[in-house]
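Student: Got a structure for you, questions after.
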Amino acid sequence: MYLRSLRVAALFAALLLPVPASADDAPLKEVEAYVKSNLVSWLNDKTVIAAVKAQNAKHESLAQADIDKLDKDWRAQVDAAQKPLIDSVLKNELSVFLAKKKEESKGVITEVFVMDDKGLNVGQSDITSDYWQGDEAKWQKTYKVGPDAVFLDKMEKDESTQTLQMQVSVSIKDPETGKVIGAATFGINVDELSS
């Protein structure tokens, strides 16, 4: 427990301490500032909170075998003609909300998805390759860390668009209790943000 607390403290220190300015640091600082000032507020919207709470309640008794089956079904549906599980998520109120927010970003946000307390997708702007994110850093370094966790993944060049991309994940907390109830991941087009 002490080691985990030390890691959390180090993460927050790294996010809050001034970083010497350099060409390599500029995009990272710009992305972090954009997320904190523009995107985190989305997560307090009643659409987000209600959807995450409802799915947490619905999936409360899921075992790992159930999660694995859902994830396997999702992956099989990605390239299939019929996509009942994917469609049920992509057509829900939260996904519509997220798609609209992505569109309003004018190309800065490339994708956004929200996860529940098990790491399963609740809503998303675009189809993800899998349904369960609970085995990935985007969920483990946010939901499991605490209510104000931010995880900045490495920047990568998207080969198809030739743009610099980065995923930023944050925990979602219940505004009434302050308790972590889920997490969200934003894909950021760093080149578009800088222009």
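Student: Here's a check for you: in segment 46-61, which residue that is assigned to a helix (DSSP H, G or I) and without any contact (Cβ under 8 Å) to a residue 12 or more places away in the chain is farthest from residue 172 (Cα to Cα)?
Tutor: 58
Student: Right, next: Answer yes if at least one residue in segment 107-124 is among the β-branched types (Val, Ile, Thr), touching a strand residue (DSSP E or B) at 6+ places or on another chain (Cβ under 8 Å) and more than 13 Å from residue 39 (Cβ to Cβ), and no otherwise.
Tutor: Among the residues of segment 107-124, at least one is among the β-branched types (Val, Ile, Thr), touching a strand residue (DSSP E or B) at 6+ places or on another chain (Cβ under 8 Å) and more than 13 Å from residue 39 (Cβ to Cβ), which makes the answer yes.
Student: As an exercise: evaluate residue 22 against (1) part of a helix (DSSP H, G or I); (2) of a type in the set (Ser, Thr, Tyr); (3) modelled with pLDDT under 95 and give the number of the one condition it does not meet.
Tutor: (1)
Student: With the structure loaded, tell me whether residue 76 is free of Cβ contacts under 8 Å to residues at least 24 places away in the same chain, among the aliphatic types (A, V, I, L, M) and not in a strand (DSSP E or B) or whether it fails that test.
Tutor: Yes, satisfied.
Student: Here is a further query. Scan segment 170-177 and give yes if some residue there is more than 30 Å from residue 69 (Cα to Cα), over 13 Å from the mean Cα position of the chain (by Cα) and surrounded by 15 or more Cβ atoms within 10 Å (Cβ to Cβ), otherwise no.
Tutor: There is no residue in segment 170-177 that is more than 30 Å from residue 69 (Cα to Cα), over 13 Å from the mean Cα position of the chain (by Cα) and surrounded by 15 or more Cβ atoms within 10 Å (Cβ to Cβ).
Student: Take the residues of segment 97-126 that are at pLDDT below 95 and among the polar types (S, T, N, Q): which is nearest to residue 55 (Cα to Cα)?
Tutor: Out of the qualifying residues, it is 110.
The values are calculated or read from the model by the stated rules, or taken from the named source; none is laboratory data. Owing to the predicted nature of the structure, the values given are computational and were not obtained by experimental measurement. Cβ coordinates were reconstructed from backbone atoms using ideal geometry, including for glycine residues, and neighbour counts include every protein chain displayed.
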